[in-house]
Amino acid sequence: MTKTAFISHPDTLLHVMDGSHPESPARITAIKNAVSNSTLKNKLAYYEAPKATKKQILLAHSQQYVDYIYGIAPKAGLVRLDADTAMGPMSLSAVLHATGAVIQATDLVMSKEADNAFCCIRPPGHHAGLANSAGFCVFNHVAIGAAYAMKQYNLKRVAIIDFDVHHGDGTEDIFKDNPNVMLCSTFQHPYYPHRGVESASDRMLNMPLKAKSDGATIRAIFEKKFKPALVSFKPDVIYISAGFDAHMNDPLADLALTKEDYAWMTTFTKQIVKKCKHTRIISSLEGGYHLPSLAESALAHIQQLNSNND
Ligand SMILES: [Zn+2]
């Protein structure tokens, strides 16, 4: 039976940018409730994430930026890092546990204690670059996890699939010159962060999508573009930047995916790692702001991670 780790931490609920911000603690609660009310509840292995260490954060961010974030974290009130991102008194703890979840997931799948893992964490991470916050993101959890896997386990080929509606520009910024990392990213364009179409690298597979693009378009890209690239790259592990804001009901963007598309992309990823003769998938929550759609899509994703029918 497939063993899926579900990793979170209570402090991910305590990072609050302001009362009406769409990147809210209710996102985590919605996913956890959906899991608790489903047959998946008793099938997952639950873990409480440790905090990532500063040394681990430094695997993907500059010393100057990391020192700045640790120094600016407020004891009270909010500090604004950029136009979209702020930190309150519990934000640094939430961020460090979020990164810690991806580190723990990496250890669990590398030691074969779990076949795959889902990190139910916030804030998201994929817009955070080498030396900058952006788009609700402070540290890039998936990039740090991928860098940790390469250093700790001496892996030479790590792939990242990013199906968030926004381009994973921070992840590309961190890995664009690293021959050991492949990024497969689908995103609405033109749209925030208005990047991702200038890439020249054949390891940075950026697939911009026009507004209103649906699941059939995304599935064709996965089959025709991502599959041959991933099969020939033969990743030792695949990370997923799992944003659910390309859902047709999401208020922040304008693509037209459904929960069935998220399940399909998950099965696709399982088939790729199967071809590579392992099970190692580490998925980490990025965006997704329509709570019922986020909950049902994340549930479909985790059910598929846990399924034996691929
Ligand atoms: Zn997003």
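Taking segment 67-87 as the range and being of a type in the set (Ser, Thr, Tyr) and under 23 Å from the mean Cα position of the chain (by Cα) as the test, the residues that pass are Tyr70, Thr85. For segment 137-145, the count of residues that are in contact with a Gly (Cβ under 7 Å, 6 or more places away or on another chain) and surrounded by fewer than 24 Cβ atoms within 10 Å (Cβ to Cβ) is zero. Has segment 287-303 got any residue that is under 20 Å from Leu183 (Cα atoms) and out of contact with any helix residue (DSSP H, G or I) (no Cβ under 8 Å at 6 or more places or on another chain)? Scanning segment 287-303, I find at least one residue that is under 20 Å from Leu183 (Cα atoms) and out of contact with any helix residue (DSSP H, G or I) (no Cβ under 8 Å at 6 or more places or on another chain), so the answer is yes. Could you go through segment 240-250 and let me know if any residue there is surrounded by fewer than 23 Cβ atoms within 10 Å (Cβ to Cβ), over 16 Å from Lys32 (Cα atoms) and either free of Cβ contacts under 8 Å to residues at least 60 places away in the same chain or within 13 Å of the ligand (Cβ to nearest atom) (or both). Within segment 240-250, one or more residues are surrounded by fewer than 23 Cβ atoms within 10 Å (Cβ to Cβ), over 16 Å from Lys32 (Cα atoms) and either free of Cβ contacts under 8 Å to residues at least 60 places away in the same chain or within 13 Å of the ligand (Cβ to nearest atom) (or both).
Scanning segment 160-183 for residues that are within 14 Å of the ligand (Cβ to nearest atom) and basic (Lys, Arg) yields no hits at all. Is it the case that segment 204-213 has a residue that's in contact with a strand residue (DSSP E or B) (Cβ under 7 Å, 6 or more places away or on another chain), within 16 Å of the ligand (Cβ to nearest atom) and in contact (Cβ under 8 Å) with a residue 60 or more places away in the chain? The answer is no; no qualifying residue exists.
Does Thr266 count as of a type in the set (Ser, Thr, Tyr), more than 17 Å from the chain's Cα centre (by Cα) and either closer than 30 Å to Ser111 by Cβ or modelled with pLDDT of 95 or more (or both)? Write out each step before concluding.
Numbers: of a type in the set (Ser, Thr, Tyr): yes; more than 17 Å from the chain's Cα centre (by Cα): no; either closer than 30 Å to Ser111 by Cβ or modelled with pLDDT of 95 or more (or both): yes.
Answer is no for this residue.
Residues in segment 222-266 that are under 18 Å from Val181 (Cβ atoms) and in a loop (DSSP other than H, G, I, E, B): Lys234, Pro235, Asp236. All of Thr39, Thr2 fail the test of being under 19 Å from Ala298 (Cα atoms), in contact (Cβ under 8 Å) with a residue 60 or more places away in the chain and in a loop (DSSP other than H, G, I, E, B), apart from Thr2. For the condition more than 20 Å from the chain's Cα centre (by Cα) and within 27 Å of Asn116 (Cβ to Cβ), Pro235 does not qualify.
The values are calculated or read from the model by the stated rules, or taken from the named source; none is laboratory data. Source: prediction; values computed, not measured. Glycine also receives a Cβ, built like all others from the backbone with ideal geometry; neighbour counts cover every protein chain displayed.
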